[in-house]
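The values are calculated or read from the model by the stated rules, or taken from the named source; none is laboratory data. This one's a predicted model, so the numbers in the text were calculated from it and none came from an experiment. Here the Cβ positions follow ideal geometry from the backbone for every residue, glycine too, while neighbour counts run over all protein chains shown. Surface areas here come from the heavy atoms of the whole protein model, side chains and all, with no ligands, DNA or RNA. Shrake-Rupley method; radii C 1.70, N 1.55, O 1.52, S 1.80 Å.
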Amino acid sequence: MRGWSTGAMLIVAVLAAVVGAGGAMAVSRRGGTASSTRAARTADGKPDFSGIWQALNEANWDLQAHEARPGSVTQQGVYPYAYTKVPAAAVLALGAAAGVPGSVGVVEGDGEIPYKPETAAMRKENGEHWIDRDPELKCYLPGIPRAMYMPYPFQIVQSTNKVHMAFAFTSTARTINLDEVEPPPDDTYMGHSVGRWEGDTLVVDVTGFNGKNWFDRAGNFHSDSLHLVERFSPITPDVIRYEVTIEDPKTFTRPWRISMPLYRRMEPNAQLLEYRCIEFVEEFLYGNLRKQQLVKRWEGDTIIVDITRKVPPGDQLHDWYRR
Amino acid sequence: MQIKLAMAVAGLVLVGAAGSLSAHHAFAAEFDANKPVKMKGTVTKMEWTNPHVWLHMDVKQPDGTVQNWAFEAGTPNVLFRRGFTKQSLMPGTEVIVDGYQAKDGSRRANGRDLTFPDGRKLFMGSSGTGAPYELTPDGQGQAPKTPPAK
Amino acid sequence: MSRRTFQVISVGAVVLAVVGLLKLAPVAGQAAADKSGTTPSTEGATKAGPAGKTPWGDPDLQGIWTNDFETPLQRPSRYANKEFFTDEERAELDKQRAAIIGGDRRQSRGSEQDVGGAYNAAIFLSHKHLGKRTSLIVDPPDGRIPPVTPEVAKRRQELREFQLALLQASDVCKNQRPGCEGGKYGPVSPRRSETPPSYLATGAAGGGVINRSDNPEDRTLGERCMAAILPDFGGAAGFFPQIIQSPGAVSIFYDTGQGQGWQRIIPITNRPHLPSSVRQWWGDSRGRWEGNTLVVDVTNFTAKTDYQGSRENLHLVERWTRLDSNTLEYAVTMEDSTTWTKPWTIKQEFNRQSDKANRVYKEPRCHEGNYGMPALLAGARAEERAFAQGKGPNPATMCTAGCGGFAGGFADEGEEANPLAR
């Protein structure tokens, strides 16, 4: 730049600064309009996580890597091997819709969940008694981290002192408090979340769990000593890297981690709809106490469903060929 | 009679002064008016669940055996706002319950009246740090001076 | 220093100054607003923009709110033309109410009313001082809900007749208690096995309930842990909305009832509503800012709700305005020409609660603790079995709902009824 006058250099420098700052100034008001104007940062300079998000993986079926399965609960088929099972009666009517898709898993490291010997036995039992024991089936609050990777969207409303998450599933929510608040008076399903920014990462400490929840449909569970450290980091304006360190000395021999991307729902009309499942599960929970039962046969607390499948005329398999 | 009926119909919809949501459920459906119970026991566990707190108690029977009973007590949210927490009623506390047993005959009852052995009512009053807006018997808006049930 | 160095430094200084100016602009409001409001209730307040605005420039409605005062929905008849109570009237009414609520009233022991009267005990409910207005309804000017249409009147009449049929063989009618108003004592009605004439969409104990427990659906929405409705502006079991905002959305978590709380998102958008085939319990909200007011249009309600008679055609227009650092005004116009002959509007004021105390309880939730539902169903089945074996009374002659007796802390009638209702 020999020969440039001081004035010319000054002008170039100022122009460069303006262009550079211009990127940071693109804080447009989001009105659910075109995504090309979506801000990467909020008005107070933080990564902008506001919007509707959803995990895109199979973690809610089973956190660990697994091959596809015929059903969440299975029974022995004609062969005696573990890999030849068939769906259990309770899920049989759903056919392929009841199967569990395969997954590379979300557990980091060796992919193992480090149960203690006594809790490992409970986990196995949970898996076998999925229908009676999984809180999800009762429409109970799913807890954290499970709510983050259930197959329902959730909405983040990010303010300056709170980051709030609203979940479509059973209309539940969690508030991540960035300001100081008193601890809750009792333990909860969704825990108590306290957050802080470390650079561009939102770090959240979650405690105060009541220990009644599971991590997934496979029976992975925890106690009331559960302590999570979550990290939300932007990968792009529309993808968040979500990492969780899970610690529970009553259940596990050491802390372990899961991680996954969370994807923004990009539809211009994306919206959280209700999933008010309390109503949906009344038959499931109380059907055996009706004066006139709708389900043909109940035995105690375990559903024994009498499946007599009557295929309607015209829908028999051989009828299809004639269409 | 017509007017009265119309009023009654209107009245049905108007229960509760300000608004729409009110109490959870009718105890009369769950508990039996013909099965009054009154017992003294020791708290073994507290469940601060909505819609009603459950007080689990060991109750000594006349023949010396111990039965474990569960009594429905107050509403968690209302109590939390008055400053009660899970620390407020710990196992080992003695409580007297006057209520009605469940219709299905199980060892559950609604806690119609809950008192400590000295006659103080359970869960009345507050820690003073919550619910300053509450209407209290002295009408002054001050929380009564009784300390939280501990 | 050399001339070259001087040039570099001065260029650098200018660049830094320009970048600094540009970066500061969006958050200029922040410094000013930290000084806004020094009252304790704004401790821990959002880092607001200037004078009650968020950093991105929207009016700031954030915080935990509740109504510090109670106001009846409709103007009590004896205050017919008065829009406001006098201070003396408020004090006197508060005194009467406090005495009834705080008193230890028992009905005759062994009566269904005494069992149900547990709600008299102050540990279940929370009552507040009266506010200044004689009614939440500000339009029509008489402070009363406009008349309902003939269709809705007919539906209510049919439900009332069904209710009375299920009560007629019980003590409530035998002893002519208020719950039997409009009916009379009689034998067990054959209507006991009928489906109710319309969906039982009430959450209020004592209102629209039926005296039967054949199914969960026979019980109130409250007993099913589904009582949360829109609009909601308070009740004796608690009401605390928590508002959190971002540029495109307003989140309101309603901590309401006994653990019946729910999550509401109001998108700030000019997108049209959901298709009319999509119906929801809490409708579909669309928000926009008009000056300092958040205006929300709500439609697409399900037929399973019933707000003062209005079901799927309910249309709400809400207006949320922050009046000052401690006060949020909520006005909502209810419109449904298939239910009311004209729209009506209520106005309620919410007061800011301490952020630090954080007394908005999303949990424990009613559903996870709902031992009551299976218990009352099991109890009903036990009574039927006992009766079938000749060991107990006919359940059809007993009362489990609509029995009366100190619902909400006040008696049905007489000296201990709600002074506002007399």
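Using 20 Å as the cut-off for backbone N distance, which residues of the stretch A:264-282 belong to the label zone defined by a point 7 Å from the Cα of residue C:217 along Cα→Cβ? Flagged as within label range: A:275-282. Across the stretch A:120-173 the C-alpha pair distances fall into 10 Å bins from zero in the proportions 22, 41, 24, 12, 2 percent. The label point for residue C:139 and the one for residue B:86, both projected 7 Å from the Cα toward the Cβ, are 4.9 nm apart. Charge dipole (Cα centre; +1 on Lys/Arg Cβ, -1 on Asp/Glu Cβ; no other charges) of the stretch A:56-163 amounts to roughly 260 debye. Buried accessible surface for the B/C pair, both sides summed and rounded to the nearest 100, is 6600 Å² with a 1.4 Å probe. Here the stretch A:152-244 is treated as an ellipsoid with the same Cα gyration tensor; its semi-axes, largest first and in whole Å, are 21, 17, 14. Would you please state which residues of the stretch B:97-119 a label at residue A:138 would reach in this model, taking the label point 7 Å out along Cα→Cβ and a backbone N cut-off of under 20 Å? Hits in the stretch B:97-119 for residue A:138 at 20 Å: B:104, B:106-109.
Working from label points 7 Å from Cα in the Cα-to-Cβ sense, the residue A:270 to residue C:92 distance is 6.0 nm.
Please compute how much accessible surface disappears when C pairs with A, both sides summed, using a 1.4 Å probe, and round it to the nearest 100 Å². Counting protein atoms only, the buried area is about 5800 Å². With a cut-off of 12 Å on the backbone N, no residue of the stretch B:84-103 is near the modelled label site 7 Å out from residue B:63 along Cα-Cβ.
First check a/c for the stretch A:185-230, with a ≥ b ≥ c the square roots of the eigenvalues of its C-alpha gyration tensor; if it is under 1.5, answer rounded, and if not, answer prolate when a/b is larger than b/c or oblate otherwise. Oblate, since a/c reaches 1.5 and b/c is not below a/b. Legend: calculated FRET efficiency, residue B:44 to residue A:112, from the Cβ-Cβ distance at R0 = 22 Å, rounded to 0.05, equals 0.05.
If you look at the Cα atoms of the stretch A:202-292, you get an Rg and a Dmax of 18.2, 56 Å. Rolling a 1.4 Å probe across the protein heavy atoms gives the stretch C:134-274 an accessible surface of 32 Å² per residue. Are there residues in the stretch C:81-102 whose accessible area shrinks by at least 20 Å² when all protein chains are included rather than the chain by itself, and which are they (probe 1.4 Å, ligands and nucleic acids not counted)? When all protein chains are present, C:98, C:102 each give up 20 Å² or more of accessible surface. Here the simple spin-label model places points 7 Å from the Cα toward Cβ, and for residue C:176 and residue C:199 these points are separated by 3.9 nm. In the stretch A:184-209, comparing the full protein assembly with the chain on its own, the residues that lose 40 Å² or more of accessible surface at a 1.4 Å probe are A:185, A:186. Stretched out straight at 0.36 nm per residue, the stretch from residue C:356 to residue C:387 would grow longer than its current Cα-Cα span by 5.6 nm.
Along the stretch A:108-122 the Karplus relation, 6.51 cos²θ - 1.76 cosθ + 1.60 evaluated at θ = phi - 60°, assigns HN-Hα couplings of 7, x, 7, x, 8, 9, x, 5, 6, x, 6, 7, 4, 5, 5 Hz to successive residues, with x for each Gly and Pro. Charge tally around residue A:102: other residues with Cβ under 12 Å, Lys/Arg +1 each, Asp/Glu -1 each, net -2.
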